[in-house]
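The values are calculated or read from the model by the stated rules, or taken from the named source; none is laboratory data. In this text, all values refer to a predicted model and were calculated from it rather than measured experimentally. In this analysis, Cβ positions are derived from the backbone assuming ideal geometry, glycine residues included, and neighbour counts consider all displayed protein chains. The protein model used for the area step is the full one, side chains on, heavy atoms only, and it has no ligands, DNA or RNA in it. Shrake-Rupley method; radii C 1.70, N 1.55, O 1.52, S 1.80 Å.
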Amino acid sequence: GYRHNSTIVCEGDAADYVFMAVDGIVRRCKAFQNGTRAIVAFHTPGEFFGWTDEAKHALSIEAATDAMILFFKRSALLAIAAREQKVASFLLTASTGELRRIQEHSLRINRSAKCRVASFLLDLSTRIHETAEIDLPMSHQDIADHLGLSIETVSRTITELERACVIERASARTIVLTNRAALVRLLN
């Protein structure tokens, strides 16, 4: 297992393995020389990630919470996928799902803070199979770095959504989606 904030893979490491989150949340990110970072994606339990046709990983992979990760040798997976249609289909489905999420994220990165936060909450609730109540596993700083916002803007936007009766804060880390339809309307 990996402790919260520990590094699983460094940017530039050989891409010999691909991964699956068994427990916890993982982030894929890039740190910049000016001290900022961008979180490209979060991965939740059951998600397969880190697949690339490059020789080296372009992003670092870190534990956003305490996490348990399975490592799969890329060459062995490719060999099995060449023989087993179910494995090939699984890899294709996992890869296209990740690509779709990253495309959706990139299309919203220039939208309003409300749109970005609403999208994040809806996507996370679906991926962690929680419908109304979400226990945010990652920090507000992680969320800010993923959405391209400041931590203050994330907090202010959550407060605005709460005042609009779209969400409710049950605790510092627990958010209840009280009006899912209104959140969905913010995406358009």
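The table that follows gives values for the structure above.
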item: Where a residue in the stretch 1-16 is among the aliphatic types (A, V, I, L, M) and its partner, wherever it lies, is part of a loop (DSSP other than H, G, I, E, B) and open to solvent by less than 60 Å² (accessible area, probe 1.4 Å), with Cβ under 6 Å and at least six apart; result: VAL9/HIS57; ALA15/THR52; ALA15/HIS57
item: Residue within the stretch 92-111 that is in contact (Cβ under 8 Å) with a residue 24 or more places away in the chain and of a type in the set (Val, Ile, Thr) present; result: yes
item: Tally, over the stretch 101-145, of residues that are small (Gly, Ala, Ser) and either open to solvent by 40 Å² or more (accessible area, probe 1.4 Å) or not in a helix (DSSP H, G or I) (or both); result: 4
item: Test: ARG37 is farther than 19 Å from GLY97 by Cα, touching a Cys at 6+ places or on another chain (Cβ under 8 Å) and among the charged types (D, E, K, R); result: yes
item: Failed condition for ARG27, given (1) modelled with pLDDT of 95 or more; (2) more than 14 Å from ASP142 (Cβ to Cβ); (3) surrounded by 14 or more Cβ atoms within 10 Å (Cβ to Cβ); result: (2)
item: Test: ARG74 is over 27 Å from GLY148 (Cβ atoms), open to solvent by less than 80 Å² (accessible area, probe 1.4 Å) and either of a type in the set (Lys, Arg) or within 16 Å of the chain's Cα centre (by Cα) (or both); result: yes
item: Test set (1) in contact (Cβ under 8 Å) with a residue 24 or more places away in the chain; (2) in contact with a Gly (Cβ under 9 Å, 6 or more places away or on another chain); (3) exposed (fewer than 12 other Cβ atoms within 10 Å of the Cβ) - ALA67 fails condition number; result: (3)
